[in-house]
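**Student:** Before we start, here is the structure in question, set down as structure tokens.
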Number of protein chains: 4
Amino acid sequence: MSIPKTMKAAVLFDYGDLRVTEMPVPELDAGEALVKVDSVAICGSDPGIIARGWQGYTPLGSFIPGHEFTGVVVATAPDVIRLKVGDRVAVEPHKGCGRCENCLRGLYTTCLNYGNLELGHRHYGFSTNGGYAEYAACHDTTLHKLPDSISFEEGALLTAVGTVMYGYERIGWVRPGETVVVTGPGALGLISARLAKILGAGCVILTGTREERLAIGRQMGVDITLNVHEVDVLQKIMELTNGIGADMVVECSGQPGPAAQAMEIVRKNGRISYNGVYREAVSLPLNKIVQWNLLITGPKAEGMWNLERAIPLMADGRLNLKPLITHRFSLDQINTAFDTFTGRVGGAIKVIVKPESVS
Amino acid sequence: MSIPKTMKAAVLFDYGDLRVTEMPVPELDAGEALVKVDSVAICGSDPGIIARGWQGYTPLGSFIPGHEFTGVVVATAPDVIRLKVGDRVAVEPHKGCGRCENCLRGLYTTCLNYGNLELGHRHYGFSTNGGYAEYAACHDTTLHKLPDSISFEEGALLTAVGTVMYGYERIGWVRPGETVVVTGPGALGLISARLAKILGAGCVILTGTREERLAIGRQMGVDITLNVHEVDVLQKIMELTNGIGADMVVECSGQPGPAAQAMEIVRKNGRISYNGVYREAVSLPLNKIVQWNLLITGPKAEGMWNLERAIPLMADGRLNLKPLITHRFSLDQINTAFDTFTGRVGGAIKVIVKPESVS
Amino acid sequence: MSIPKTMKAAVLFDYGDLRVTEMPVPELDAGEALVKVDSVAICGSDPGIIARGWQGYTPLGSFIPGHEFTGVVVATAPDVIRLKVGDRVAVEPHKGCGRCENCLRGLYTTCLNYGNLELGHRHYGFSTNGGYAEYAACHDTTLHKLPDSISFEEGALLTAVGTVMYGYERIGWVRPGETVVVTGPGALGLISARLAKILGAGCVILTGTREERLAIGRQMGVDITLNVHEVDVLQKIMELTNGIGADMVVECSGQPGPAAQAMEIVRKNGRISYNGVYREAVSLPLNKIVQWNLLITGPKAEGMWNLERAIPLMADGRLNLKPLITHRFSLDQINTAFDTFTGRVGGAIKVIVKPESVS
Amino acid sequence: MSIPKTMKAAVLFDYGDLRVTEMPVPELDAGEALVKVDSVAICGSDPGIIARGWQGYTPLGSFIPGHEFTGVVVATAPDVIRLKVGDRVAVEPHKGCGRCENCLRGLYTTCLNYGNLELGHRHYGFSTNGGYAEYAACHDTTLHKLPDSISFEEGALLTAVGTVMYGYERIGWVRPGETVVVTGPGALGLISARLAKILGAGCVILTGTREERLAIGRQMGVDITLNVHEVDVLQKIMELTNGIGADMVVECSGQPGPAAQAMEIVRKNGRISYNGVYREAVSLPLNKIVQWNLLITGPKAEGMWNLERAIPLMADGRLNLKPLITHRFSLDQINTAFDTFTGRVGGAIKVIVKPESVS
């Protein structure tokens, strides 16, 4: 395949000013492969990055956002032997420096050299260029081979799955037969609920405010949905659990109310994974952690190669995320795509941006 | 329900001499419930108990074996409030003393007061009376409520499931997407394989010598079966895993060959759970544990309340063990039942003994 | 030894009204031993129990508080064989029901039948009678044998040590070489700091406001003390850790400020154990849990037999808590003892109440 | 400091033929620092490498063995910013590829690209050049800064400590108050015993055949030593543990007898870490793993940055390994050094080789 010198890409010229323009196709550094991008999923964090950048790391004027994407390898640096041209791949956005104590212990999503390009850290679509483009240069350690049974579009959701998966790893996995409550039926919440079931949960309860989202949850195999506008969630969960509470709560709403209520609906010795984006401090009944012996964590992205764990589950159809993909746009329509996503136009959940019409 | 004074029971009069006779219906001690037995599954350890007793703990002349059983609660001691008459229950055979350091840390299947009746230890069908009888007195801590969607016969297999489950807990659970090899397609092996899939394994490989058993494995959702008479298992598994080996091996054959080979087919940093009965010492390449950083364990029965974890999985049909139940006999036919089981007559896998014709 | 019919005991007649009176010596139930009490340490939770009772479980008019105590076994129920008359023992206050799912998994301090006397739950000095008396009836499972090298007075602090120890177990122990920050130099804080060092911490930093307490910390082997009135703790800890933060924070102050700041001074992937009593909700930067991948828990008392773990450490002098014992009073002086404790009279840290002058 | 073009180094010209010769000072690749070697400790694996090479990876004619060493950084590649010239460092021999699934999960000592130089794997003194030379090129990820309070000679033992430490990490650390049996009082055994105590073991028991080694164990703080020529170790340990057995056994002898006996002296639910070199298959009572619920592992070298954990423990004197350093030789005397080590001449334990007389 001949690789052009330039490509179309969505560049952040200023905060809030994202425009498709012509950019050089990236050169490959050691360890990298060039990926011809097929599908990019808009992530809940993307609008914030476009509005405000990411913690000062985002280089305005040349920065290409987008971090949930799939494509085909079209070139490899000489030292890349695991991958070859033609491989279909999903990309995970974090590449650790590989040198700091966290990286050496497998904790590369919390690399101590975050943002240090010279030391090899990369965070596609956050501190370095990402996927809203025809091509992206991605390091070997960030590429996961996709089997043919996973489409590029569904595969673009694997980054989100990897984060949910890592959250489960950090909190001690889902233990068989457990009752898992997922609060907040956004994309992460729906994935969390489905994954809990695949990992052996006994009963998965999904709570939220939007009936159409809860319905998608049921379609995806959630056992019980609770609309917080209709029932007293705490009371109902206590009824369902013989007054004991849920074994685990996965908080995905990012809202202070559910975040605090998680400590009420979890059982003694229960576990809570905070998976949301919490824009403000949350007032928590801290004593409950002590008196009820709770265990609490939250996942920093798709750590410890957890994206890979999801591939066989998606490949054989257990993890079917097609119901979450509601819209597709070409790269030229990226701002419409974002408006659709943020405005939840037409019940948008996951919106896919495609640099060119492939399929 | 009126409870008679005497009942039919299979009593071990001497090693190898098991006969159905009339016995007093057991009196209830504090904390106990009287269970009218519906179904008892013959366990692979039963023939040895009948032939040789269990480590000197088995009282000849009055001992009733049988430890995988279900039934209905027909009476309760005054201090039993969790259960009521009419409850359908599965029984787990181990009741720890509740006082020793192991019990206090949740490790009651390895109670340090094993066999000490005065301190409250019980092991139904091993050191104290079990289920091959019309009634059995069982402690509150050994009874698991069965929902209506689980039949008594299938429920009788939950003890075996609990052991497999506890093995997975001890070895760090099945991690999502893993490749799990199960060696030996007996009842424990088939359950191990099915459970691995339910717990999120990516690919489950079952090895064995008998084609009809491997076929049952495939029927139960195993991804790949390997007949050790037809293929080189080690070579084949290496092919299937890109030369890396399996993430976990669950050894269920009890044979020295597969037990040693487990260390060859597992990956670096892999895990091995030895679930079989190993009648002789096994020669192992011990250096591999060090050089490959292996983790090894084996489950002592259905510890840490793991039988309970399996109930929701069986209740909603994910864990369907009906294909394993090949024969049913009345209590009067217990010796025929044992002959069928040990001789694998008619492809016998799990053989159920029923004190009376309930269904 | 002849056991009298009545004894002196401090009884809570009404909230705030604690008086020494004559009470019957307790009768033994199955599994219990009678302990002649030697030393009771006042716990930080005692004043609240006396002022307000404990969650409605405290029977006014007959309730004897006190839950950190030691003594000698003077009688045993027939089924108690582990202990014999003359044994020196430390008492842990929690006895689980032994039947619920939590107890069966070793989590007896969060027994699901809390306060249910009929099912066997006991919580000495909280829901059932405790140690401010000449005698106490204690269950086998709550008694830990003391070697001669541990004095009754120092041994009375083992309950507090057990809680700290269980907190470390829940949070994944202290890992060798770690930098551990303990906030709040009360008794629990000082014990946490000392124990961290004994368990292999590289550097232990203790923060607080009272110089004399920090000095005791240094005397007990703390590497660095920081007075929050004198230095900017966050800035200083970042300096000491090359800008990375502490591997673990053990929050023992119970104050909202340090509780929230724990999330600032801990490193990425760090762990926080909340060991304090938090009387009000605390506003926390919840997003930090996600973005920094924190792990958080708090210990419910001396669970999983952790008091026992501390005995060899105290026995050989590694864990020397004598510096914490500042005052001793006879039982008759119990109200003075409480005033001394709550008013921190004379720098009181741990105040011991002794039913009779033994030593 | 001016760096010469050539240096003295011990080169393996043929199996068994190790000679000091002139070699080029290594050039630095990206990420590397040049270390002026001060002290190299002979490891128990070195004689085998010299006699037979290492699994076919050792390039005869240019290979410099030696993998436990310390020195001073004298030059750094441009991308190395963590280290600067003058830094005193200890070297760990394993550098993973940083790309494979094991490396990405922190398991770099079991890198799946072992021996693949192109992908960046290094194993100093095994598959790539090591420390028996005046200079060595070492990657950033293999260098640990030494504080001034650790001498180069004692620091050279940190690699061995890191392996022991990683073994403890894999087996769930030493839990406070545990009884730990270490079998085999070689260097690894003595370090294991000392470290167990530092990590909070209650009682450390060391077994072996050589009285002078056991005496060193006692000098290093071991509580009890047992000479297997004088006492029945199994019986004695059962006596010492009230018939329960040891909580953990760390097998360091590499001999089949102790390796099998480990399963007899460990308690129910106990843990065994095999840390030895096992040259032959060992016959093990495999059923014990199941019936006693054992957990077994062994450490592949100083994984997961565990060498670093040991530095603060050695720096403040808790881990004093000076008693293990029995001999020192210059590089020119390397074959005498090896003879002293393998022949245990003069009670040799750790023998240090020094490229030049520094101190």
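**Student:** For the condition touching a His at 6+ places or on another chain (Cβ under 9 Å) and on the phi > 0 side of the Ramachandran plot, what is the one hit in C:53, C:115? Outline the logic, then answer.
**Tutor:** Working: C:53 fails: touching a His at 6+ places or on another chain (Cβ under 9 Å).
Within the list C:53, C:115, the selection yields C:115.
**Student:** Would you check which residues across the stretch B:282-309 are more than 7 Å from chain D (Cβ to nearest Cβ) and closer than 20 Å to residue D:112 by Cα and list them?
**Tutor:** B:288
**Student:** Mind listing just one residue for me: the one in the stretch B:250-281 that is small (Gly, Ala, Ser) and at the interface with chain D (Cβ under 7 Å from one of its Cβ atoms) and, of those, farthest from residue D:258 (Cα to Cα)?
**Tutor:** Taking the stretch B:250-281 as the starting set, the residues that turn out to be small (Gly, Ala, Ser) are B:253-254, B:257, B:259-260, B:262, B:270, B:273, B:276, B:281.
Next, from what is left, pick out any that are at the interface with chain D (Cβ under 7 Å from one of its Cβ atoms): B:259, B:281.
Working: B:259: 21, B:281: 15 Å.
The qualifying residue farthest from residue D:258 (Cα to Cα) is B:259.
**Student:** Please indicate, with yes or no, whether at least one residue in the stretch B:195-213 is out of contact with any Ser or Thr (no Cβ under 9 Å at 6 or more places or on another chain), closer than 20 Å to residue B:45 by Cβ and buried (at least 24 other Cβ atoms within 10 Å of the Cβ).
**Tutor:** Checked against the condition, which is being out of contact with any Ser or Thr (no Cβ under 9 Å at 6 or more places or on another chain), closer than 20 Å to residue B:45 by Cβ and buried (at least 24 other Cβ atoms within 10 Å of the Cβ), the stretch B:195-213 yields at least one hit.
**Student:** State whether one or more residues within the stretch B:343-358 are within 14 Å of chain A (Cβ to nearest Cβ) and not in a loop (DSSP other than H, G, I, E, B). Break it down stepwise before answering.
**Tutor:** Kept after step one, since they are within 14 Å of chain A (Cβ to nearest Cβ), are these residues of the stretch B:343-358: none.
No, the stretch B:343-358 contains no residue that is within 14 Å of chain A (Cβ to nearest Cβ) and not in a loop (DSSP other than H, G, I, E, B).
**Student:** Can you tell me which residue among A:280, A:211, A:251 is at pLDDT below 95 and of a type outside the set (Lys, Arg)? Walk me through how you get there before you give the answer.
**Tutor:** Working: A:211 fails: at pLDDT below 95; A:251 fails: at pLDDT below 95.
It is A:280.
**Student:** Among the residues of the stretch C:21-32, is any touching a Cys at 6+ places or on another chain (Cβ under 8 Å) and modelled with pLDDT of 95 or more?
**Tutor:** Taking the stretch C:21-32 and keeping what is touching a Cys at 6+ places or on another chain (Cβ under 8 Å), we get C:32.
Filter once more, keeping what is modelled with pLDDT of 95 or more: C:32.
Within the stretch C:21-32 (the criterion being touching a Cys at 6+ places or on another chain (Cβ under 8 Å) and modelled with pLDDT of 95 or more), the answer is yes, since at least one residue qualifies.
**Student:** Quick check: is even one residue across the stretch A:38-54 in a loop (DSSP other than H, G, I, E, B) and farther than 21 Å from residue A:341 by Cβ? Write out each step before concluding.
**Tutor:** So the first thing to find is which residues in the stretch A:38-54 are in a loop (DSSP other than H, G, I, E, B), and the list is A:42-45, A:53-54.
Next, from what is left, pick out any that are farther than 21 Å from residue A:341 by Cβ: none.
Within the stretch A:38-54 (the criterion being in a loop (DSSP other than H, G, I, E, B) and farther than 21 Å from residue A:341 by Cβ), the answer is no, since none of the residues qualifies.
**Student:** Scan the stretch C:101-114 and give yes if some residue there is within 9 Å of chain B (Cβ to nearest Cβ), within 22 Å of residue C:308 (Cα to Cα), out of contact with any strand residue (DSSP E or B) (no Cβ under 6 Å at 6 or more places or on another chain) and surrounded by fewer than 22 Cβ atoms within 10 Å (Cβ to Cβ), otherwise no.
**Tutor:** yes
**Student:** Then there's this: When you check residue B:62 against the structure, is it surrounded by fewer than 18 Cβ atoms within 10 Å (Cβ to Cβ) and under 18 Å from the mean Cα position of the chain (by Cα), yes or no?
**Tutor:** No; evaluated as a whole, the condition is false for this residue.
**Student:** With the structure loaded, tell me whether residue C:179 is crowded, with 24+ Cβ neighbours inside 10 Å and closer than 23 Å to residue C:44 by Cα or whether it fails that test.
**Tutor:** On the way: crowded, with 24+ Cβ neighbours inside 10 Å: yes; closer than 23 Å to residue C:44 by Cα: no.
Spelling it out, it is not the case that residue C:179 is crowded, with 24+ Cβ neighbours inside 10 Å and closer than 23 Å to residue C:44 by Cα.
**Student:** Among the residues that make up the stretch C:223-246, is at least one of them hydrophobic (A, V, I, L, M, F, W, C), under 22 Å from residue C:306 (Cβ atoms), out of contact with any Cys (no Cβ under 7 Å at 6 or more places or on another chain) and at pLDDT 95 or above?
**Tutor:** Here is the first cut: in the stretch C:223-246, the ones hydrophobic (A, V, I, L, M, F, W, C) are C:224, C:226, C:228, C:231, C:233-234, C:237-238, C:240, C:244, C:246.
In the following step, the residues that additionally are under 22 Å from residue C:306 (Cβ atoms) were identified as none.
For the stretch C:223-246, residues hydrophobic (A, V, I, L, M, F, W, C), under 22 Å from residue C:306 (Cβ atoms), out of contact with any Cys (no Cβ under 7 Å at 6 or more places or on another chain) and at pLDDT 95 or above: absent.
**Student:** Still on this structure, please answer the following. Inspect the stretch D:77-84 for any residue being part of a loop (DSSP other than H, G, I, E, B), within 21 Å of the chain's Cα centre (by Cα) and either of a type in the set (Gly, Ala, Ser) or at positive phi (or both) and give the result as yes or no. Give the derivation first.
**Tutor:** Going residue by residue through the stretch D:77-84, those that are part of a loop (DSSP other than H, G, I, E, B) are D:77-84.
Of the ones still in play, those that are also within 21 Å of the chain's Cα centre (by Cα) are none.
Checking the stretch D:77-84: not a single residue is part of a loop (DSSP other than H, G, I, E, B), within 21 Å of the chain's Cα centre (by Cα) and either of a type in the set (Gly, Ala, Ser) or at positive phi (or both).
**Student:** Hey, any hits in the stretch D:120-137 for a residue that's aromatic (Phe, Trp, Tyr), more than 14 Å from chain A (Cβ to nearest Cβ) and touching a His at 6+ places or on another chain (Cβ under 6 Å)?
**Tutor:** Taking the stretch D:120-137 and keeping what is aromatic (Phe, Trp, Tyr), we get D:124, D:126, D:132, D:135.
Those still in the list that are more than 14 Å from chain A (Cβ to nearest Cβ) too: D:124, D:126, D:132, D:135.
After this cut, where a residue has to be touching a His at 6+ places or on another chain (Cβ under 6 Å) as well, the list is D:124.
Checked the stretch D:120-137: at least one residue is aromatic (Phe, Trp, Tyr), more than 14 Å from chain A (Cβ to nearest Cβ) and touching a His at 6+ places or on another chain (Cβ under 6 Å).
**Student:** Still on this structure, please answer the following. Within the stretch B:322-342, how many residues are within 26 Å of residue B:22 (Cβ to Cβ) and either within 14 Å of chain A (Cβ to nearest Cβ) or hydroxyl-bearing (Ser, Thr, Tyr) (or both)? Before you say what the answer is, go through the steps one by one.
**Tutor:** In the first step, residues of the stretch B:322-342 are kept if they are within 26 Å of residue B:22 (Cβ to Cβ); the result is B:327-341.
Retained after the next criterion (residues that are either within 14 Å of chain A (Cβ to nearest Cβ) or hydroxyl-bearing (Ser, Thr, Tyr) (or both)): B:330, B:336, B:340.
Of the residues in the stretch B:322-342, 3 are within 26 Å of residue B:22 (Cβ to Cβ) and either within 14 Å of chain A (Cβ to nearest Cβ) or hydroxyl-bearing (Ser, Thr, Tyr) (or both).
**Student:** Quick check on residue A:184: is it away from every other protein chain (no Cβ under 14 Å) and at positive phi?
**Tutor:** Working: away from every other protein chain (no Cβ under 14 Å): no; at positive phi: yes.
So residue A:184 fails the test.
**Student:** Are any residues in the stretch B:8-35 within 26 Å of residue B:154 (Cβ to Cβ) and either in contact with a His (Cβ under 9 Å, 6 or more places away or on another chain) or surrounded by 21 or more Cβ atoms within 10 Å (Cβ to Cβ) (or both), and if so, which ones?
**Tutor:** Step one: list which residues in the stretch B:8-35 are within 26 Å of residue B:154 (Cβ to Cβ), which gives B:8-10, B:18, B:20, B:26, B:32-35.
Answer for the stretch B:8-35, where residues must be within 26 Å of residue B:154 (Cβ to Cβ) and either in contact with a His (Cβ under 9 Å, 6 or more places away or on another chain) or surrounded by 21 or more Cβ atoms within 10 Å (Cβ to Cβ) (or both): B:9, B:10, B:18, B:32, B:33, B:34, B:35.
**Student:** Checking residue C:319 against (1) touching a residue at least 40 places away in the same chain (Cβ under 8 Å); (2) in a helix (DSSP H, G or I); (3) within 14 Å of chain D (Cβ to nearest Cβ): exactly one of these is not met. Which one?
**Tutor:** If we test residue C:319 against (1) touching a residue at least 40 places away in the same chain (Cβ under 8 Å); (2) in a helix (DSSP H, G or I); (3) within 14 Å of chain D (Cβ to nearest Cβ), just (2) comes out false.
**Student:** OK, next. Hey, residue B:27 hits all of (1) in contact with a Pro (Cβ under 8 Å, 6 or more places away or on another chain); (2) part of a loop (DSSP other than H, G, I, E, B) but one; which does it fall short on?
**Tutor:** (1)
**Student:** Would you call residue C:160 more than 11 Å from chain D (Cβ to nearest Cβ) and closer than 30 Å to residue C:83 by Cβ?
**Tutor:** Details: more than 11 Å from chain D (Cβ to nearest Cβ): yes; closer than 30 Å to residue C:83 by Cβ: yes.
Yes; evaluated as a whole, the condition is true for this residue.
**Student:** State whether one or more residues within the stretch D:145-161 are assigned to a strand (DSSP E or B), within 23 Å of residue D:123 (Cβ to Cβ), modelled with pLDDT of 95 or more and not acidic (Asp, Glu). Before you say what the answer is, go through the steps one by one.
**Tutor:** We begin by selecting, within the stretch D:145-161, every residue assigned to a strand (DSSP E or B); these are D:145.
Imposing the further condition that a residue be within 23 Å of residue D:123 (Cβ to Cβ) reduces the set to D:145.
Now narrow it down to the ones that are modelled with pLDDT of 95 or more: D:145.
Then keep just the ones that are not acidic (Asp, Glu); that gives D:145.
Looking for residues that are assigned to a strand (DSSP E or B), within 23 Å of residue D:123 (Cβ to Cβ), modelled with pLDDT of 95 or more and not acidic (Asp, Glu), one finds at least one in the stretch D:145-161, hence yes.
**Student:** Can you work out which of the residues in the stretch B:237-293 that are among the polar types (S, T, N, Q) and over 20 Å from residue D:108 (Cα atoms) is surrounded by the fewest Cβ atoms within 10 Å (Cβ to Cβ)? Before you say what the answer is, go through the steps one by one.
**Tutor:** Residues of the stretch B:237-293 that are among the polar types (S, T, N, Q), as a first pass: B:241-242, B:253, B:255, B:261, B:269, B:273, B:275, B:283, B:287, B:291, B:293.
So of that shortlist, the ones also over 20 Å from residue D:108 (Cα atoms) come out as B:253, B:255, B:261, B:273, B:275, B:283.
On the way: B:253: 25, B:255: 18, B:261: 22, B:273: 28, B:275: 29, B:283: 16.
My answer is B:283.
**Student:** A further question on this structure: Residues in the stretch A:264-273: is at least one assigned by TED's automatic domain parsing to the domain that holds residue A:180, charged (D, E, K, R) and within 18 Å of the chain's Cα centre (by Cα)? Spell out the reasoning first.
**Tutor:** Kept after step one, since they are assigned by TED's automatic domain parsing to the domain that holds residue A:180, are these residues of the stretch A:264-273: A:264-273.
Those left that are additionally charged (D, E, K, R): A:264, A:267-268, A:271.
When the remaining residues are screened for being within 18 Å of the chain's Cα centre (by Cα), the result is none.
The answer is no; no qualifying residue exists.
**Student:** List the helices (runs of 4 or more DSSP H) that sit entirely inside the stretch B:185-265 and contain at least 1 residues that are free of Cβ contacts under 8 Å to residues at least 12 places away in the same chain.
**Tutor:** Working: elements: B:187-198, B:211-219, B:233-240, B:256-265.
Those helices (runs of 4 or more DSSP H) span B:211-219, B:233-240, B:256-265.
**Student:** Kindly evaluate residue D:212 against the criterion of being in contact with a Gly (Cβ under 7 Å, 6 or more places away or on another chain) and farther than 30 Å from residue C:168 by Cα.
**Tutor:** Values: in contact with a Gly (Cβ under 7 Å, 6 or more places away or on another chain): yes; farther than 30 Å from residue C:168 by Cα: yes.
Spelling it out, residue D:212 is indeed in contact with a Gly (Cβ under 7 Å, 6 or more places away or on another chain) and farther than 30 Å from residue C:168 by Cα.
The values are calculated or read from the model by the stated rules, or taken from the named source; none is laboratory data. In this text the structure is predicted, and so the values were computed from the model without any measurement. We place every Cβ from the backbone using ideal geometry, glycine too, and count neighbours over all the protein chains shown.
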